[in-house]
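Everything below concerns the one structure shown next.
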Amino acid sequence: MKRLLLILILLVFSLSGCARTVTSPLKKIVEVSFSFSETLGGEQKNYIAVVFNMNKEPIWENLSTWKNFILFNGDKFYKGVNGDQNLKIDQEKGDINLDNLTEVTYGTYDNGSIRLQIPLINLYENNIEPDQLYINVIFFNVYYDPNTGYYLNKNDDLLMTNSDGILLKLIRGSSVTANDSLKIKNFNAKFY
């Protein structure tokens, strides 16, 4: 009887140990992907910003609504917080000062498509984990005016046509799409 009890105890411990080593913790990832409908060329240097905010839609006219954003400069991805503080122009170079931003590796650009897989912890606001995220995609460039110098110039078209913004509820498995616009298609955001 003691042997049987000992075998059962060892079996329970070995199975519980296996379960811990096989089961991985759940990831908390926000994935955003979309494709461009056309080439975003032009004389000025173009930027794409995927902007996140917990409480309201991030808008171009108020960069302080850009609580977290991922900037793509055509080559690399950078993360910024608080757009009105991080999105500054170096007047000597005529370009965005990347010293205020952090280069990130969770974005890919391939054949006209962008895909971001952002750990949710990188989208916290004031160390608070969000339960929803408003998302906007904004296309802009740095423009030069001889009277005022370099400044950020929003392209005529926001990439998404939904004026209420895109709201992603952060419930595992949730997703949201947007209508195609003149510049962007196949927009999808999901949380897993």
| task | Could you pull out the residue among ASN186, ASN136, ASN141 that is touching a Lys or Arg at 6+ places or on another chain (Cβ under 8 Å) and either surrounded by fewer than 17 Cβ atoms within 10 Å (Cβ to Cβ) or assigned to a strand (DSSP E or B) (or both)? | result | ASN141
| query | Looking only at segment 73-89, which residues are surrounded by 18 or more Cβ atoms within 10 Å (Cβ to Cβ) and touching a residue at least 40 places away in the same chain (Cβ under 8 Å)? | reply | LYS79, LEU87
| field | Residue list for segment 105-123, filter: hydroxyl-bearing (Ser, Thr, Tyr) and surrounded by 15 or more Cβ atoms within 10 Å (Cβ to Cβ) | value | TYR106, TYR109
| field | Subset of segment 56-72 that is in contact with a Ser or Thr (Cβ under 9 Å, 6 or more places away or on another chain) and not in a strand (DSSP E or B) - its residue that is surrounded by the most Cβ atoms within 10 Å (Cβ to Cβ) | value | PRO58
| If the Cβ limit is 6 Å and pairs must be 6+ apart or interchain, which residue in segment 96-108 that is without any contact (Cβ under 8 Å) to a residue 24 or more places away in the chain and part of a loop (DSSP other than H, G, I, E, B) pairs with which residue that is surrounded by fewer than 16 Cβ atoms within 10 Å (Cβ to Cβ) and among the hydrophobic types (A, V, I, L, M, F, W, C)? | none
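Bear in mind that the values in this text are calculations on the coordinates, not laboratory data. Keep in mind that what you see is a predicted model, and the values were worked out from it rather than measured. Don't worry about glycine lacking a Cβ; one is built from the backbone with ideal geometry, like all the others, and counts go over all protein chains shown.
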